[in-house]
Structures are given as C-alpha cells and as structure tokens.
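Written below as structure tokens is the structure these notes are about.
The values are calculated or read from the model by the stated rules, or taken from the named source; none is laboratory data. The structure displayed is predicted, hence computed values, not measured ones. Positions of Cβ are generated from backbone atoms using ideal geometry, with glycine treated the same way; all protein chains shown enter the neighbour counts. We work out accessible area using only protein heavy atoms, side chains counted, and drop any ligands, DNA or RNA first. Shrake-Rupley method; radii C 1.70, N 1.55, O 1.52, S 1.80 Å.
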Amino acid sequence: MSLAAKVKDLRERTGAGMMDCKKAIEASNGDIDQAIDWLRENGIAKAAKKGDRVAAEGLTKVIIEGNKAVIVELNAETDFVAKNDQFLDLLNTISTALVNSDAKTLEEGLAVDVNGQTISELVAAGTATIGEKIDLRRFEIVEKTDEQTFADYSHMGGTISVLLTLDGNNDEVAKQIAMHVAAANPQFLNSESVDPEVLAKETAIITKETKENAGGKPENIIEKMIDGRVNKFLKEICLVNQAFVVDPSLEVEKAAANAGLTIIGFNRFEVGEGIEKVETNFAEEVAQQMKA
C-alpha cells in the first residue's frame, strides 16, 4: 500500500488531519495499527472526534515583549473549561510562543514549534486532556518602533482584549483609549481605513431609506440628508471620531492629541464574536459524557 493510500485509510479510521496521519505513519514505519496508537498517544485521534463541535467560549490574551506584541483568541466549548488552570496555561504557552515567532497566518501559527511540539499538536493534546474541543481561532502579531508605545486592556479576565499602538507616551490616557475600544467596539481606525464594500453597502441602504421618506423634498436637500447620515455612520464605526467614553464632549482623536498621543492602530478581540453558538441542554450534555 502506498503512503498516500495509508494516509487515506488512517484518516478514515481516526478522523485525524492529513499531515498528522502522514506524520503518524512515518513515525510507525508504515504500520497502520501502530500509527493509530501514535495518534492516540499524542491526543490527536481523540481530538479529531471532537472536530465538528463548536468552540465558541474561551479567552483572549495580549502579551507585549519590547517592540513586539501579540493578541490571541483561544476557544473552548464552555466557559467553565476556559477558566481552568490547564486552559490558562495553554493560552499563555501559545501566546508566548507566537509573540516570539514570525508567523503571519493561522496556518503558520499552528506550525510554530514549542519545545519539540507544534502549537497544533499542543491544541490537540489540550483537547484530549481537557475533554473539550480547543481551538486556536486567531492571533495578530504587531510590531512598533522605539518611538511608539503599546497599550493593552483586558475586560473580565480576557472576554475582550485590546491592543493599541500609539505615537507618544501617556500611559494613563493610552489605557483609557484601550478601555474605550473595548467598550465602544469601533470597526475601523478612521474613515480612510473603512472597507469600501462596507461603506458602499451602508450608503446604498441610507440612500434608499432617505429617498423613500423624503416627502417630496428637493434633490439637493435629499443629497445633504444622505451625506449627513453617511457621516454619522462613519463617526459611529471609526475610532478616532467616536465620542470618548471618559469625556463624551471630545472625540477620541482630540482626547489623544490633548495627551500628546496619535493612534496608529488597534486590535480588538472578543471571545466568540461571529461564531454561531449551538444551544445545548447542559444536563443532557453531562449525561452523555457520563455514558461515554
């Protein structure tokens, strides 16, 4: 049997990924049964069985090391597991490894080596040990210059994390802006960075609604109304134009400038955002696990 055929057979029998199966076969000198044992010993076969389950809870984390920082989201299936020491240790290990890496994509991040194991293998082992699907959902590595500063904020132990990059140095106001980002959830830094598709879609909706409710107003008035509503939309989604939560009389950009700061960029991770959560009966879930 060829290597490709063995990989296919092993995948069908264990549910493990192609690269894991290839590695298992190579480590077992082509013996399928030994390869299955290898996957089990490394927690991969057990983890693969949980692959179709939804991990929408978890935590986020920021680690700053000099001119480099990383923001990470690691997911689990339940909030309870996300609070245990094993999960917290795994999150810290993964975040530390990533901030010291050059990974740019999730695929590259999962391949980062941690004392002889890849992050992918650590996640699989964590899934097997903890008993829930664990998933490294995303991360972002950010670098700054010596003249720039980082600021970070973690809400409710990591439910939301924010990483800011700024020109200037004012720790107190920088922290306040990071907290603002957590609370106000801006989508973009400024109007220039707004996704053209997002702006075009919202403009089309505003235009249609305004014209339908214009009540016979002149075209030039309607255009001004549309412009006003579009500008209001941009102020709501752009960080620099939002009303500062600490002092709503100021826009964030002005509050930053008053403190000698210029906001270069930001990252905001909220656990589970965009993931469709599956509603489960907790009692039934426990009963099923007891039967397993």
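Just to confirm my filter: which helices (runs of 4 or more DSSP H) fall fully inside the range 164-267 and include at least 2 residues that are in contact with a strand residue (DSSP E or B) (Cβ under 6 Å, 6 or more places away or on another chain) and modelled with pLDDT of 95 or more?
171-184
I'd like to check something: does the range 121-129 contain any residue that is without any contact (Cβ under 8 Å) to a residue 40 or more places away in the chain and more than 30 Å from Leu239 (Cα to Cα)?
yes
Is it the case that the range 164-171 has a residue that's closer than 21 Å to Asn100 by Cα, within 18 Å of the chain's Cα centre (by Cα) and surrounded by 17 or more Cβ atoms within 10 Å (Cβ to Cβ)?
Yes, the range 164-171 contains a residue that is closer than 21 Å to Asn100 by Cα, within 18 Å of the chain's Cα centre (by Cα) and surrounded by 17 or more Cβ atoms within 10 Å (Cβ to Cβ).
Residues in the range 145-158: is at least one more than 30 Å from Val240 (Cα to Cα), in contact with a Lys or Arg (Cβ under 9 Å, 6 or more places away or on another chain), touching a residue at least 40 places away in the same chain (Cβ under 8 Å) and not in a helix (DSSP H, G or I)?
Scanning the range 145-158, I find no residue that is more than 30 Å from Val240 (Cα to Cα), in contact with a Lys or Arg (Cβ under 9 Å, 6 or more places away or on another chain), touching a residue at least 40 places away in the same chain (Cβ under 8 Å) and not in a helix (DSSP H, G or I), so the answer is no.
Kindly evaluate Thr145 against the criterion of being at pLDDT 95 or above, within 18 Å of Glu65 (Cα to Cα) and of a type in the set (Ser, Thr, Tyr).
Here the answer is yes, as Thr145 does meet what is asked.
Take Ser161 and tell me if it is open to solvent by less than 60 Å² (accessible area, probe 1.4 Å) and over 15 Å from Ile63 (Cα atoms).
Taking the combined requirement at face value, the residue does not satisfy it.
Can you tell me which residue within the range 115-144, out of those that are among the β-branched types (Val, Ile, Thr) and within 18 Å of Glu73 (Cβ to Cβ), is surrounded by the most Cβ atoms within 10 Å (Cβ to Cβ)?
My answer is Ile134.
A quick yes/no check of all residues on (1) under 19 Å from Glu251 (Cα atoms); (2) among the charged types (D, E, K, R):
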{"position": "Thr159", "(1), (2)": "no, no"}
{"position": "Leu163", "(1), (2)": "no, no"}
{"position": "Asp167", "(1), (2)": "yes, yes"}
{"position": "Lys175", "(1), (2)": "yes, yes"}
{"position": "Ala178", "(1), (2)": "yes, no"}
{"position": "Val181", "(1), (2)": "yes, no"}
{"position": "Ala184", "(1), (2)": "yes, no"}
{"position": "Glu192", "(1), (2)": "yes, yes"}
{"position": "Val198", "(1), (2)": "no, no"}
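Scan the range 60-100 for residues that are among the hydroxyl-bearing types (Ser, Thr, Tyr) and open to solvent by 20 Å² or more (accessible area, probe 1.4 Å) and jot them down.
Result: Thr78, Thr93, Thr96.
Just for the range 145-158: of the residues that are of a type in the set (S, T, N, Q) and open to solvent by 50 Å² or more (accessible area, probe 1.4 Å), which one is farthest from Asn267 (Cα to Cα)?
Top of the filtered list is Thr145.
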